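So the structure is just underneath, and the comments pick up after that.
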There are 2 protein chains.
Amino acid sequence: MDAKNHAGTADYTIGKLADAAGVNVETVRYYERRGLLAQPTSQGSYRRYGDTHLERIAFIRRAQGIGFTLDETAELLQLNDMADHLQARQLAQAKIADIEQRIQHLQGMQHALQHLLKTCRMGKPCPIIAMALK
Amino acid sequence: MDAKNHAGTADYTIGKLADAAGVNVETVRYYERRGLLAQPTSQGSYRRYGDTHLERIAFIRRAQGIGFTLDETAELLQLNDMADHLQARQLAQAKIADIEQRIQHLQGMQHALQHLLKTCRMGKPCPIIAMALK
DNA sequence: CTAAACTCCGTACTTGAGTACAGAGTCAAG
DNA sequence: CTTGACTCTGTACTCAAGTACGGAGTTTAG
């Protein structure tokens, strides 16, 4: 058997799917609970998944990879159903702005630390520690 | 009474200290549990704090503001006790590198999103949504 | 046929930095 | 002296995105 069902698409148990997707079995069920993954058809008492499920997990991971949360990803998936491009663009735009802010904040931190390090190198009293004394 | 104790330093109950430091009462106790804030002297059964406590909270917030976790801040506070400048520098340096990585990652996300947005603006099939279909 | 491997469900735990709350005790002003 | 504001301790909850686990049921390879 080459793990194909009658429709010719691959047929996975939860463990196979998890392996194929590179995630944990528990993660698959977690996504299902969160409504990100459609209920699989069940043969007997075990879940049976197809390639659509595998693709969906891959999508979720890609979306996460570019900074969408699971809630946002769920939104995206709904937009997909609605074919609502405008909202998808707005979501992406908001996300870009959000990331921009986070970068600004991190750069601020970095400059503060770099300043501390630089002034530390020169004089005796360590300014990193001196922070502690107001 | 102007809220000074015999040593001439201000004397705070936990609520006053929290107000003065701009944090929550629970946060003060939390810092205490975490060992970031020295045990205050207690008059009767209530905690009594001094300016040193206020300054320490301010330090903790500053350290957080530039990206130190509470654990790292505790470390910094210990270094302060040891006057160990070298380690403080190393800690700061590690933190800078860490922040650099996070910035790189965020920038990667941002570019991916910007690319999606740009290609979306042009053609019909929305690539943000198309992500969902592999 | 049997034993290992897999799956089921539900619940609890994880990290980090707090926040919320219950129920009891205490303090200070009027 | 009372009343209201404050504080005490200890525990549980928050968010996000899972991970871990217990105990039972199911499947499949040998």
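Among A:Asp11, A:Asp71, A:Asp98, the ranking by other beta carbons within 10 Å of each residue's beta carbon, starting with the fewest, stands as A:Asp71, A:Asp98, A:Asp11. If you plug the beta carbon distance of B:Gln93 and A:Thr69 into 1/(1 + (r/R0)^6) with R0 = 45 Å, you get a FRET efficiency near 0.90.
Stretching the chain fully between A:Ala38 and A:Glu26 yields a gain of 2.8 nm (0.36 nm per residue, less the alpha carbon separation). Annotation: extensible slack from B:Gln104 through B:Ser45 equals 16.1 nm (criterion: 0.36 nm per residue apart, minus Cα-Cα distance).
Each value in this text was obtained by applying a stated rule to the coordinates, not by laboratory testing. All of these numbers come straight from a predicted model, not from anything done at the bench. For neighbour counting, all protein chains shown are included, and Cβ atoms are generated from backbone atoms with ideal geometry for every residue, glycine included.
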